[in-house]
Amino acid sequence: MACNLDEKAIKEVLKKIIENNNNIPYKAKEEMKAIIELEHNPEKLLQECLLYMLSYKG
């Protein structure tokens, strides 16, 4: 149960950060939201988001 709450909290924070940042292009926002929805392990989710940001070419 605690892991599920951690997962939900992390997902909500990431979504708010992405949505409220005007420096992130629309395409990147949509792709990161998809990553957020597909991944369920909070540690892996953060890792995937960081890897995506490092590899994003626009």
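The values are calculated or read from the model by the stated rules, or taken from the named source; none is laboratory data. Treat the numbers as computed from the prediction; the structure is a model and nothing was measured. A quick note on method: Cβ atoms are made from the backbone with ideal geometry, for glycine too, and the neighbour counts reach across all protein chains shown. Note: accessible area is taken over every heavy atom of the protein model, side chains too, but ligands, DNA and RNA are not part of it. Shrake-Rupley method; radii C 1.70, N 1.55, O 1.52, S 1.80 Å.
Couple of notes before you dig in:
- Condition met for L38 (loosely packed, with under 11 Cβ neighbours inside 10 Å and among the aliphatic types (A, V, I, L, M)): yes
- Flag for E48 being open to solvent by less than 100 Å² (accessible area, probe 1.4 Å) and touching a helix residue (DSSP H, G or I) at 6+ places or on another chain (Cβ under 7 Å): yes
- Residue in segment 3-27 that is farthest from the chain's Cα centre (by Cα), counting only those that are of a type in the set (S, T, N, Q) and open to solvent by less than 100 Å² (accessible area, probe 1.4 Å): N4
- Candidates L38, L14, L51: the one that is among the aliphatic types (A, V, I, L, M) and touching a Cys at 6+ places or on another chain (Cβ under 8 Å) is L14.
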